[in-house]
Amino acid sequence: MKIHDWVKKSVGYEIYPRSFYDSNQDGMGDIQGIISKLDYLEYLGVNLLWIGPFYPSPLDDNGYDVSEFCDVDPSLGTLEDIKELIQLAHQKSIRIIFDYVMNQTSDEHPWFIESKSSTNNPKREYYLWAKGKGKNPPNNWGSFFGGSAWNYSQETDEYYMKIFSNKMPDLNWSSKNVQNEMAAVAKFWLDLGVDGFRMDAIAHLGRDMSFKDSTLKEENGIAYDWSKFSNREVLYTYLNNLHNQVFSKYSCVTIGEVGGGAKLDSALRYVNQEKPAIDMVFNFDSVWCLNDDGSTNVVELKKTINYWITGSRKAGIYLPQYWTNHDHPRAMSQYGNLEYFKESGKLLALVLLGLYGLPFIYNGEEIGMTNVDYTQLSDFKDVSSQNYFKMNQNKQSEQEMMEHIRKSGRDHGHLPMQWSDEKYAGFSNKSPYLKVNGNYKEINVQQQLNDSDSILNFYKQMIELRLKSQYSKTLIDGDFKLVLARHKQIFGYIREDDTFIITVLANMSNSKANYRLTDKEILLQNYEAHQKGVLQPYEALLMVEVK
Ligand code: NOJ
């Protein structure tokens, strides 16, 4: 499907609203907080904001449990604030996309309250209900957050399906009424001026409606068989309908979250030329390319990114690129190195922003924010961490559970943004709803704004190079080819068109790396000087040759 031209000329930035900036000093970020940081975002140079959920929500899953789709949670602001945000961002030529939460509602959503009240309520069919097998759930399917994919509801003595938390009942997309209601939601926000959506959990809208047991191996009676509700054929029809009914009528972008296991063939089903559904898909493949000791598996990372880029170029589609998002560890902790803080932070900017595809920076990545330094189980608030603790408390020690969550937990991405070295990292005057990371005195925006050699200012430079320089065309559209593809330390690639050959070389390891390649004129680098044929730990270069 052909995307609008402006999409390729964008650099995305994901904002996690509750943790971005607290304007009214209640300990939680809000919409006015985002508005007050628009100048900062303009300075950084990003021009497409993805704003995470701000809808009314009981906050079981950080706002992905929505209790009203067409409104703003009072703790974050009002619809007027949202309109102001869109308008002011547009004045700065910054576009905005919202999270469109499609798979589920909160159990406190009026639809669900009605649906659960009786088997013949008109809203019953909005969700997926089934009778239990004796005292057990209807089948052995497992949920993403651990445990059964079903939860018991006393009112009608039946179970509802929920592939995330108990408080997030799944919508029944096979219902025409649900399809129409959800189309109206998308239309509502587009009419308000938003420029598109990041479509949450989009892969799961189609289900195996036979609800038959999975034959996969069970753990404690549960089979974690995502195929029962992922990338199923019928979902492309739902999305194609949405496209025809709504998206095709706006100059918007639609980016679906298509995680776990989706490969190119399934991506192409979404971004289909003949039967258009959505514009782009996010996959998670490049998030977890690690060696057993936690260091970056550079060969795997290159292979993965190359797979998606060469495949998408061949198919004529454009896909987003990112290191990590709000569901993942921080990029600095995942692929960077605190011992080489500045170098690795800049390296991440250089490699990401030189790739083919629409880059997304996660808020805080531009200053090298790190994983949490929490020392107690009770500090980890994310619902999936909490579920993990509940399920493993009799099997693992506190230390072991914490170790696990420190590697893969979602709390890392949720922490308040570190704006300054003032109390609470300048995020708020009041103790924030989530504890700030203890390293805010060293890692914060204010300090990096004042330092022309900071990671932040390097991001700014790299974004400028990508969007506003003579090299923009090459960086946006040029061919992509790996170099030194089997090198265990260096991530190297070439972007090339009729005018320039741009080479990126980045040593993603903590020891020196030798290479054999003719050096070209260096345009951007993260060390003061470069020694030909050798990259220092986390050294990264962008070199240019005129054709
Ligand atoms: C994916 C979102 O990124 C994640 O944060 C959320 O928990 C699930 N979808 C459910 O909405």
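The values are calculated or read from the model by the stated rules, or taken from the named source; none is laboratory data. If you're wondering where the values come from, they're calculated on a predicted model, not measured in any experiment. Positions of Cβ are backbone-derived with ideal geometry, glycine not excepted, and every protein chain shown enters the neighbour counts. Accessible surface areas use protein heavy atoms only, side chains included; no ligands, DNA or RNA. Shrake-Rupley method; radii C 1.70, N 1.55, O 1.52, S 1.80 Å.
Per this entry, LEU190 is not counted among residues that are of a type outside the set (Gly, Ala, Ser), over 30 Å from THR78 (Cβ atoms) and modelled with pLDDT of 95 or more. When residues in region 273-305 are screened for being hydrophobic (A, V, I, L, M, F, W, C), part of a helix (DSSP H, G or I) and open to solvent by less than 60 Å² (accessible area, probe 1.4 Å), 5 of them pass. Regarding ASP279, is this residue among the acidic types (Asp, Glu) and closer than 26 Å to HIS326 by Cβ? Yes; evaluated as a whole, the condition is true for this residue. Condition check for MET462 on (1) crowded, with 21+ Cβ neighbours inside 10 Å; (2) under 15 Å from TRP419 (Cβ atoms): one failure, at (2).
Every listed requirement among (1) away from the ligand (no atom under 16 Å from the Cβ); (2) under 20 Å from the mean Cα position of the chain (by Cα); (3) hydroxyl-bearing (Ser, Thr, Tyr) is met by TYR236 save one, (2). The single condition among (1) assigned to a helix (DSSP H, G or I); (2) open to solvent by less than 30 Å² (accessible area, probe 1.4 Å) that THR237 does not satisfy is (2). Taking the numbered list (1) β-branched (Val, Ile, Thr); (2) at pLDDT 95 or above; (3) in contact with a helix residue (DSSP H, G or I) (Cβ under 8 Å, 6 or more places away or on another chain) in turn, ILE309 passes all entries but (3). Residues that are more than 16 Å from the ligand (Cβ to nearest atom) and either under 16 Å from LEU434 (Cβ atoms) or basic (Lys, Arg) (or both) within region 403-419 comprise ARG406, LYS407, PRO416, MET417, GLN418, TRP419, listed in sequence order.
Of all residues assigned to region 462-477, none qualifies as being of a type in the set (Ser, Thr, Tyr), modelled with pLDDT of 95 or more, assigned by TED's automatic domain parsing to the domain that holds TYR307 and part of a loop (DSSP other than H, G, I, E, B). Among the residues of region 482-514, those that are touching a Gly at 6+ places or on another chain (Cβ under 9 Å), part of a strand (DSSP E or B), of a type outside the set (Lys, Arg) and in contact (Cβ under 8 Å) with a residue 60 or more places away in the chain comprise LEU482, TYR493, ILE502, VAL504, ALA506. The number of residues in region 70-82 being open to solvent by 10 Å² or more (accessible area, probe 1.4 Å), assigned to a loop (DSSP other than H, G, I, E, B) and either over 18 Å from ASP200 (Cα atoms) or within 14 Å of the ligand (Cβ to nearest atom) (or both) comes to 5.
Set side by side, the residues GLU400, GLU442, GLU422 differ, and just one is more than 16 Å from the ligand (Cβ to nearest atom), under 17 Å from GLU365 (Cα atoms) and without any contact (Cβ under 8 Å) to a residue 60 or more places away in the chain, which is GLU442.
Beta carbons closer than 8 Å, at least 6 apart along the sequence or on distinct chains, pair a first residue in region 153-164 that is within 12 Å of ASN139 (Cα to Cα) with a second that is within 16 Å of the ligand (Cβ to nearest atom) and open to solvent by 10 Å² or more (accessible area, probe 1.4 Å) for TYR159/ASN151; TYR160/ASN151; MET161/ARG207. Apart from one condition, ASP65 fits all of (1) more than 16 Å from the ligand (Cβ to nearest atom); (2) in contact with a Lys or Arg (Cβ under 7 Å, 6 or more places away or on another chain); the exception is (1). Of all the criteria given as (1) part of a loop (DSSP other than H, G, I, E, B); (2) touching a strand residue (DSSP E or B) at 6+ places or on another chain (Cβ under 6 Å); (3) modelled with pLDDT under 95; (4) not basic (Lys, Arg), the one not satisfied by ASN325 is (3). Annotation: of all residues in region 328-343 being more than 16 Å from the ligand (Cβ to nearest atom), crowded, with 21+ Cβ neighbours inside 10 Å and in a loop (DSSP other than H, G, I, E, B), the one that is nearest to the chain's Cα centre (by Cα) is TYR335.
Residues that are among the aliphatic types (A, V, I, L, M), closer than 18 Å to ARG232 by Cα, assigned to a helix (DSSP H, G or I) and in contact with a helix residue (DSSP H, G or I) (Cβ under 9 Å, 6 or more places away or on another chain): does region 200-209 have at least one? Yes, the conditions are met somewhere in region 200-209. For region 211-230, the criterion of being more than 16 Å from the ligand (Cβ to nearest atom), open to solvent by less than 60 Å² (accessible area, probe 1.4 Å), closer than 16 Å to SER266 by Cβ and outside any loop (DSSP other than H, G, I, E, B) is met by at least one residue.
If you filter region 144-179 down to residues that are within 14 Å of the ligand (Cβ to nearest atom) and more than 16 Å from SER67 (Cα to Cα), you find that the one that is most open to solvent (accessible area, probe 1.4 Å) is PHE144. Note on region 378-397: residues that are more than 16 Å from the ligand (Cβ to nearest atom) and under 22 Å from GLY142 (Cβ atoms) amount to 8. Picking from residues in region 9-50 that are among the small types (Gly, Ala, Ser) and part of a loop (DSSP other than H, G, I, E, B), the one that is most open to solvent (accessible area, probe 1.4 Å) is SER23.
Filter region 98-115 down to residues that are within 14 Å of the ligand (Cβ to nearest atom) and either in a strand (DSSP E or B) or of a type in the set (Gly, Ala, Ser) (or both), then give me how many there are. Total meeting the criteria: 6.
Contact map, region 241-257: first residue open to solvent by 30 Å² or more (accessible area, probe 1.4 Å), second residue part of a helix (DSSP H, G or I) and more than 16 Å from the ligand (Cβ to nearest atom), Cβ cut-off under 6 Å, separation 6 or more or different chains; pairs are GLN245/ALA183; TYR250/LEU190. Looking only at residues in region 124-138 that are open to solvent by 10 Å² or more (accessible area, probe 1.4 Å) and either in a strand (DSSP E or B) or in contact (Cβ under 8 Å) with a residue 60 or more places away in the chain (or both), the one that is nearest to TYR388 (Cα to Cα) is ASN136.
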